[in-house]
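Quick notes on the structure that follows.
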Amino acid sequence: MNYRLGPLGFLSSEELEAENGGHGGTGGMNGQHDQITALKWVKANIHDYGGDPDAVTLFGQSAGGLSVCTVVASPLVKGLIKHAIIQSGSCTGAWGPGSREYGLAATRAMMEHLHVSTLAELRALPAGNLSWPASWPNTDAAEKWIPFKGYAGGPLAAGAEFPGYFVDGWVAPVHPSISYAKGEVNVEALMLGGTSSDGVESHSNGVCDTHPTDSAVNCSKHITTNRWEHTVNNSKWLGWDGYCVSCTEYSRDGYI
């Protein structure tokens with residue numbers, strides 16, 4: 001399934017949100033919206049290929065698993081698929097989407113990097129110019145965003161993996177972890193699994209289950225093991241997506 005990547009798929013903008021009248025959100029999950037658009041086509045046309053439009057199964061592994069995990073939690077996919085398989089792709093923990101604020105900040109950084117300040121100026125640039133900058137611009141605007149304070153001029157993710165997709169208020173009205181916690185998953189059956197050493201962690205070493213907090217800097221509030229304290233103190237999660245991760249029992253079986 002093809003979908004947009006990088007800023008073309010996940011740029012987050014309040015200007016874009018206002019332009020769409022709220023329908024489409026900030027754009028932080030336009031890539032996932034592309035996937036949902038494809039699922040609408042499958043629903044409408046699969047019968048012509050011998051398939052059953054009422055028995056569509058969506059499967060993804062690794063990054064594809066993250067997409068499946070995110071898409072089935074979206075209210076926009078209701079009625080489009082019946083079953084889903086997520087393999088090595090938990091969107092509820094450390095590989096989940098960044099917060100709305102993270103996406104807006106990353107987009108501001110990219111626009112500063114490209115020396116533009118409006119969507120009109122951004123749209124006038126060649127598409128090939130649109131990529132996430134390797135580092136935060138050394139500017140006051142970058143410096144003011146709290147999770148990244150002190151990191152201006154440093155790596156974009158400040159030592160953590162860059163999530164690359166963001167809660168947008170449309171595809172994902174809330175972080176998927178919240179939807180899963182409430183049982184708001186839009187499939188009849190969901191299968192979880194993982195390949196060796198991809199997206200799964202053992203109970204003793206792993207970090208699973210997302211806890212929303214005001215700031216990723218507050219991850220220390222959720223210290224549950226010495227390993228977690230070590231992780232936080234080594235700043236792997238500093239500047240993450242506004243969500244913290246801690247160990248829970250359901251990681252016992254190797255699933256996240």
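Numbers at a glance
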item	result
Extension gain, Asp198 back to Trp41 (0.36 nm per residue minus Cα-Cα distance, nm)	53.5 nm
Overall form of segment 1-74 per C-alpha gyration tensor (a/c, 1.5; a/b vs b/c)	prolate
Order of Lys182, Lys40 - criterion: other Cβ atoms within 10 Å of each residue's Cβ, fewest first	Lys182, Lys40
5 angstrom amide H check on Gly60, placed H, neighbours 5+ away	Ile85, Gln87
Likely footprinting exposure, Asp198, Asp48, fewest C-beta neighbours within 10 Å first	Asp48, Asp198
Exposure proxy order (Cβ contacts within 10 Å, fewest to most) of Trp95, Trp41, Trp132	Trp41, Trp132, Trp95
Glu184-Asn2 pseudo-label distance in nm [points 7 Å out on the Cα-to-Cβ vector]	3.3
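None of the figures in this text is laboratory data; all of them are computed from the coordinates on show. Every value quoted in this text rests on a predicted model; they were computed, and no experiment measured them. Don't worry about glycine lacking a Cβ; one is built from the backbone with ideal geometry, like all the others, and counts go over all protein chains shown.
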